[in-house]
1. Whole angstrom only: what separates the Cα centroid of the stretch 6-30 from the Cα centroid of the stretch 80-153?
2. Which entry in (i) 1.03; (ii) 0.95; (iii) 1.01 matches Rg/Rh (Cα atoms, Kirkwood Rh) derived from the coordinates of this structure?
3. 7 Å from Cα along Cα→Cβ at both Phe7 and Arg126: what's the point-to-point distance in nm?
4. Under 1.5 on a/c is rounded, so check that first for the stretch 73-130, then, if it is not, pick prolate when a/b is larger than b/c and oblate when it is not; a ≥ b ≥ c are the square roots of the alpha carbon gyration tensor eigenvalues.
5. According to the square roots a ≥ b ≥ c of the eigenvalues of the Cα gyration tensor, what is the shape class of the stretch 1-90, taking rounded for a/c under 1.5, prolate for a/b larger than b/c otherwise, and oblate for the remainder?
6. Pairs of alpha-carbon atoms within less than 8 angstrom and 6+ residues apart define the contacts here; what relative contact order does the stretch 7-128 have, in percent?
7. Quick one: which residues, 5 or more positions from Arg146 or on another chain, have an amide H under 5 Å from its amide H? H modelled 1.01 Å from N in the peptide plane, none for Pro or chain starts.
8. What is the percent carbon and sulfur in the accessible area of the chain, measuring with a 1.4 Å probe over the protein chains and ignoring ligands?
Amino acid sequence: MPNAFRFPLQLRFSDIDSYAHVNNVAFLSYLETARVRLHESPSGISTNDGGQPSVRELAGAENFALVGRQEIEYLAPLLFRPEPVYVSVWVAGIGRSSFELGYVVSEEDESKTFAVGATTMVLVNRDSGRSVALPGQYRAALERRRGPEVPFRRRASQCVGKETT
């Protein structure tokens, strides 16, 4: 995935359910970890003093990003193992006050994908609780991580067999 932030994620025994695979809800935790790591990563934008704030810092201290929507498509069972899985996260879309993150949970060599997901994040003012426009530098940092739409199979299959006029 171009521009994706990719990292290894160690499975925890507590992620396993009675079916002996990683429980569906644990995947939400994996996506959360990816969101946090992306927001804490260097923004790639230099400040006047030569520093480089994190992506989160560019949102402004008066704002924070909230989850507005999440979607996961489970593609293969993930069994407990000592080797980590790899999570990729990227920006799949940017709006006025929101943005969509895309995710892939896969093997290190990407030979097998366990899940794909998307999260719509909304930037909210801490005091008013209302959505606010993405600040310019925050938008620019998100743009640096811009990638393709999330490769959901469902979305691709919705187009198959439909007639167009």
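The values are calculated or read from the model by the stated rules, or taken from the named source; none is laboratory data. Just so you know, these numbers come straight off a predicted model, no measurement behind them. Heads up, the Cβs are rebuilt from the backbone with ideal geometry, glycines too, and the neighbour counts pull from every protein chain shown. The protein model used for the area step is the full one, side chains on, heavy atoms only, and it has no ligands, DNA or RNA in it. Shrake-Rupley method; radii C 1.70, N 1.55, O 1.52, S 1.80 Å.
1. 19 Å
2. Working out Rg/Rh (Cα atoms, Kirkwood Rh) from the coordinates points to (iii).
3. Computed distance between label sites Phe7 and Arg126 equals 2.3 nm.
4. Working: a/c = 3.36, a/b = 2.57, b/c = 1.31.
Prolate is the answer for the stretch 73-130, as a/c is 1.5 or above and a/b outweighs b/c.
5. Cα axes put the stretch 1-90 in the prolate bin.
6. Details: 207 pairs, mean separation 35.7, N = 122.
The normalised contact order for the stretch 7-128 reaches 29 percent.
7. Excluding prolines and chain starts, which carry no amide H, the hits are Val91.
8. Ligands and nucleic acids excluded, carbon and sulfur reach 51 percent.
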